Amino acid sequence: MEEIIEETLKPILGLMHIGFKGIQVESLEDNHYRVNIEAEEPQLLIGYHGATLFSLQHLLKILLFKKAENDFSIALDVDNYRKRQEENVLQMAEQRVEQVRKANASVKLPPMSPYFRRLIHLHLAQTKFNDIHTQSEGQGNYRAIVISST
């Protein structure tokens, strides 16, 4: 599947006239793939708040769906932009967990995308956070996670 991903992505980048140095495809568990593009001008592929990156990821998944034998998921990244974002969001969540533990009061995180909310919910579901409860509140673009102690 790694070769298929790379063979599908290269022509798309060529049609977009985006220069790139390389494509790394990492196979993770449960047919999940992380693809990192080393771009000459990463801002062109990332776009405003990652909009271009997420659109390209969606297009790639549609094209790969027809070629794939099994169900899969894919996370597209450019110069590890998304990976750094994920690390920052998880670090912020862990800092808020410490605040909740010290003050024994709920803390509301800033509004964020469904992707990052899900990432935080899954991260804080680990056993080392057994004393922590997460819940999403709000509507649309203002949906945010509230972290509280159980």
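The values are calculated or read from the model by the stated rules, or taken from the named source; none is laboratory data. Treat the numbers as computed from the prediction; the structure is a model and nothing was measured. A quick note on method: Cβ atoms are made from the backbone with ideal geometry, for glycine too, and the neighbour counts reach across all protein chains shown.
Descriptive notes on the structure:
- Check on residue 49, touching a strand residue (DSSP E or B) at 6+ places or on another chain (Cβ under 6 Å), within 29 Å of residue 141 (Cβ to Cβ) and surrounded by fewer than 17 Cβ atoms within 10 Å (Cβ to Cβ): no
- Subset of the range 1-44 [among the charged types (D, E, K, R), surrounded by 14 or more Cβ atoms within 10 Å (Cβ to Cβ) and assigned to a helix (DSSP H, G or I)]: 6
- Those helices (runs of 4 or more DSSP H) of the range 46-150 in which 1 or more residues are closer than 30 Å to residue 16 by Cβ and outside the structural domain of residue 25 (by TED's automatic domain parsing) occupy 81-103, 114-123.
- Residue in the range 9-29 that is at positive phi and in contact (Cβ under 8 Å) with a residue 24 or more places away in the chain present: no
- Identity of the residue in the range 68-120, under 29 Å from residue 6 (Cα atoms) and loosely packed, with under 11 Cβ neighbours inside 10 Å, that ends up modelled with the lowest pLDDT: 69
- Each residue in the range 62-82 was checked for being of a type in the set (D, E, K, R) and under 16 Å from residue 36 (Cβ atoms), and 3 pass.
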